[in-house]
Amino acid sequence: MAHVILGLLLIAPQSYYDLIKAFEAGVGLFYSASSGSIKRALDRLLAQGLVEVADAESGGRGRKAYRPTGAGREEFGSWMAAPPTGSDAESGALARLYFLGLLEEAERLPVLRGIEERLEGDLAALQDLDRGLDTRDVPEGLHEVFAYQRATLDYGLAANRFALGRFRALIDRHERGEPPRD
């Protein structure tokens, strides 16, 4: 969450309310966050010195616009360069893709390759699980449960293959010097 906020603030200084709107307008399609989690992450970034107040309105509302500090820009760059971690590789990959245009041209391909590597590892793990299920005996009375669990795995395999194909296509376009999308 913090890195997504840093990315949004690198695009333009924004207030807490602007950040909520940014999540609602686009980022929330692949990275969900409540207003409370956005506020907590913004407060942590401020406490860590990764963002600062860029501008504050005087008067009743006292609306503050935030921007990344030099340390915040470095933290964002380090996060972008690292492959997605955790159990939800898709949201980490999509968040990096969303902000890839903030990086220098030469920095983009390694990010895409890191995502590709993570997706390949996830696909291999799902394929191992799939092969292992073929040798399992399903207890009596659980065949329907197992069938839907297997359907869930099939979905995961298909989704991972699709994501891997999309990122490989982006890598190919990048290597050919083409824009990410026509």
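Points to keep in mind about this one:
Per-residue answers, yes or no, for (1) in contact with a Gly (Cβ under 6 Å, 6 or more places away or on another chain); (2) free of Cβ contacts under 8 Å to residues at least 60 places away in the same chain; (3) among the hydroxyl-bearing types (Ser, Thr, Tyr); (4) assigned by TED's automatic domain parsing to the domain that holds ALA159:
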{"site": "SER37", "(1), (2), (3), (4)": "no, yes, yes, no"}
{"site": "ALA47", "(1), (2), (3), (4)": "no, yes, no, no"}
{"site": "GLU52", "(1), (2), (3), (4)": "no, yes, no, no"}
{"site": "GLU74", "(1), (2), (3), (4)": "no, yes, no, no"}
{"site": "LEU103", "(1), (2), (3), (4)": "no, yes, no, yes"}
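- The residue that is nearest to GLY26 (Cα to Cα), among those in the range 65-89 that are at pLDDT below 90 and surrounded by fewer than 18 Cβ atoms within 10 Å (Cβ to Cβ), is ASP88.
- From the options LEU42, LEU102, residue that is modelled with pLDDT of 95 or more and buried (at least 17 other Cβ atoms within 10 Å of the Cβ): LEU42
- Cβ pairs under 7 Å, 6+ apart, first in the range 106-125 and under 16 Å from PHE162 (Cβ atoms) and not assigned by TED's automatic domain parsing to the domain that holds GLY77, second at pLDDT below 95 and outside any helix (DSSP H, G or I): ILE115/PRO83; ILE115/PRO84; ARG118/PRO83; ARG118/PRO84
- As a summary of the residue check, PHE146 satisfies the conditions (1) under 18 Å from LEU123 (Cβ atoms); (2) more than 17 Å from the chain's Cα centre (by Cα); (3) aromatic (Phe, Trp, Tyr); (4) surrounded by 13 or more Cβ atoms within 10 Å (Cβ to Cβ) except for the one numbered (1).
Conditions (1) assigned by TED's automatic domain parsing to the domain that holds GLY101; (2) over 21 Å from VAL111 (Cβ atoms); (3) at pLDDT 95 or above, marked per residue:
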position	(1), (2), (3)
ASP137	yes, yes, no
GLY141	yes, yes, no
PHE146	yes, yes, no
LEU157	yes, yes, yes
PHE167	yes, no, yes
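- Any chance GLY49 is part of a loop (DSSP other than H, G, I, E, B), on the phi > 0 side of the Ramachandran plot and more than 17 Å from the chain's Cα centre (by Cα): yes
- Scope the range 126-143; condition closer than 23 Å to GLU90 by Cβ and surrounded by 11 or more Cβ atoms within 10 Å (Cβ to Cβ); matching residues: LEU126, GLN127, LEU129, ASP130, LEU133
- Residue check for ALA151: aliphatic (A, V, I, L, M) and loosely packed, with under 11 Cβ neighbours inside 10 Å: yes
- Residues being over 19 Å from GLY177 (Cα atoms) and part of a loop (DSSP other than H, G, I, E, B) - total across the range 91-142: 9
- Take the conditions (1) over 22 Å from ALA33 (Cα atoms); (2) in contact with a strand residue (DSSP E or B) (Cβ under 9 Å, 6 or more places away or on another chain); PRO110 misses just one of them, which is (2).
- Checked against (1) charged (D, E, K, R); (2) closer than 18 Å to ALA95 by Cα; (3) surrounded by 13 or more Cβ atoms within 10 Å (Cβ to Cβ), GLU24 meets all criteria but (3).
The values are calculated or read from the model by the stated rules, or taken from the named source; none is laboratory data. Everything numeric in this text was worked out from a predicted model, so none of it was measured. A quick note on method: Cβ atoms are made from the backbone with ideal geometry, for glycine too, and the neighbour counts reach across all protein chains shown.
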